[in-house]
Amino acid sequence: YMLLRKKEEIEKWLNQCEIKNYELIEDNKYGYVVNVNDGVILFSRNLSSLSVKFNEVYGIFNCSFNELTSLEGCPKIVHGDFYCYGNKLESLKGCPEIVNGNFSFGNNLISSLKYCPEIIHHNFYASDNNLTIEGLKYLPKNIKSKIEIKDNKKLSNLQNIENIEELKEKLEEIFKIKEEQEKISKSIITKKKKNINKI
């Protein structure tokens, strides 16, 4: 799907979605990007995609309970909370780079935290997804409040941890062990190859 590029089409879509206090800014890549001096509530509107490219939103941005399969079009900066739970998202690609409030994408199909903002200024909600331990490699460097990753069955006992520091420590241990195991299996393979060459 393509984002709308023409001013009239963008304005029509924004008005249909009852978004007010917006400003269109000309942009080489998108035609126009949208700044909103307010919150953007696109909650439960049967949207299969966001039709415009948001840039900076000064309130909350909520596109939860839609049919979204991609976050393309999401704002670059959200000064409030960012909510996209209850969609059909498999990736966080396109999500904001900066979120000054809560970051919530529960109840989706996301397996990896790749593309996540580096800093979460409030709570981080990722419950009820398909997160894998490998996918937690991209955990934000800084989460200021609590983290919630329950109902991610592939994380087994990690899914009950709510303290970011504790989670980071556990992950560090897991990745260290994995690294050592990989080294061992590589050396075994190398030895086997050498033995085969001897025969």
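Each reported figure results from applying straightforward, stated rules to the coordinates on display, with no laboratory input. Every value quoted in this text rests on a predicted model; they were computed, and no experiment measured them. Here the Cβ is made from the backbone with ideal geometry for all residues, glycine too, and neighbour counts use every protein chain on show.
Structure values in brief
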read-out: Separation between Cα centres of segment 36-69 and segment 139-199, rounded to whole Å; value: 35 Å
read-out: Cα-based Rg / Dmax (Å) for the chain; value: 20.9, 78
read-out: Protection-proxy order for peptides 6-18, 99-111, 132-144, each taking the mean of Cβ atoms within 10 Å per residue, highest first; value: 99-111, 132-144, 6-18
read-out: For segment 94-199, convex hull of alpha carbons as volume per residue, Å³; value: 119 Å³
read-out: Fraction of beta bridges assigned by DSSP in the chain that are antiparallel (%, nearest 5); value: 20 percent
read-out: Additional length obtainable on full extension of the chain from Lys170 to Ile25, 0.36 nm per residue less Cα span; value: 47.7 nm
read-out: Hypothetical label at Ser185: residues of segment 144-159 whose amide nitrogen lies under 15 Å (7 Å Cα-Cβ projection); value: none
read-out: For segment 38-146, size of Cβ-based charge dipole, Lys and Arg +1, Asp and Glu -1, in debye; value: 160 debye
read-out: Protection-proxy order for peptides 79-86, 116-123, each taking the mean of Cβ atoms within 10 Å per residue, highest first; value: 79-86, 116-123
read-out: Mean Cβ neighbour count within 10 Å, used as a protection proxy, ranking 47-54, 149-156 highest first; value: 47-54, 149-156
